[in-house]
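This report concerns only the one structure given below.
The numbers here are math on the coordinates, done by the rules we state, and not lab data. Everything numeric here is computed off the predicted structure, so don't read it as measured data. Cβ coordinates were reconstructed from backbone atoms using ideal geometry, including for glycine residues, and neighbour counts include every protein chain displayed.
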Amino acid sequence: MAINFPDSPTSGDTHTVGDKTWTWNGTSWDVVVSTPISNQIIDADGDTRIHVEESPDEDYIRFDTAGTERMTIGPTGDVAVANDLSVTGTISGGSTSFPTSLDSGTMPAIEALQAKVGADSSAVTSSLDYKVAQLEAISHGKILQVVHATYSTQEDTTSATFVATSLTANITPSDSANKVLAFAYVPMGVNDAASSRSGYAVYEIDRGGTSVAVTFNIGYGGSGTENRVLNMPVTIFALDSPSSTSALTYTVNHRKEVNGTVSSFKANTTGHLVLMEVSA
């Protein structure tokens, strides 16, 4: 078939007929040889390749080895790796760099990165640093501070309503959502009234006029003519939610129940009150 080329062409002009194109080089028309467009780089046996267009216009680059997809780069630049990632050198993000080798050789670099990204800018240089970073990431239920108070002078009461002992402690929570765990230990005694032959004691932990824990009646009942004395240690604890960041005062209170004399810190034996702030 005869090709009718344009008359008086200018250098660089093209002329296309069917699926062929010619370019005028200033003297003659040259056929333009087109290079086929490939959507993959592939090895000889076809099981290892880099390819695109697995589905039309998906905009993913896929990396396969031994017939299995190992990594993809998505249209927004996100990289997904299906197996272990080994990195030599430094992974940098913004102004912060994180060494990726750990001295034990047992923790993947990606774990070290996860332990520190978003937490602080310090480097993970050893497996110990990594473990500490993981512990620091645990924020719930941590003991943030401990206050310990003691008292060791006997105090007696025959009151049927609560009376404050001298065993008291103060704590200031760092966050209003945190709790206060309170433990009290009181060596006590109950001496019955001669007319009743029974005596009981009751203890509580009080926070600024609010009762946060109360024991059951501690003592004995009976009849007869002999005096009775019960000596024993009392323990009481409470998990309090004060919803406060102000200084809080916790006090151990005591009272009798029905009859008897209640003696706290019996024979000048030391009592203890421990307060612990627990993170929410």
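If r is the Cβ-Cβ distance from Asn268 to Ser174 and R0 is 30 Å, what FRET efficiency results, to the nearest 0.05?
0.25
Using Cβ contacts closer than 10 Å as the measure, can you line up Phe237, Phe162 from fewest to most? List each step's numbers first, then the result.
Numbers: Phe237 14, Phe162 18.
If I rank by nearby Cβ atoms, fewest first, I get Phe237, Phe162.
Can you tell me the convex hull volume per residue for segment 143-278, based on C-alpha atoms, in Å³ to the nearest whole number?
On the way: hull volume 11.2 nm³, N = 136.
About 83 Å³ per residue, rounded to a whole number.
In segment 161-192, whose amide N lies under 15 Å from the spot 7 Å out along Cα-to-Cβ of Val214? List them in ranges.
161-164
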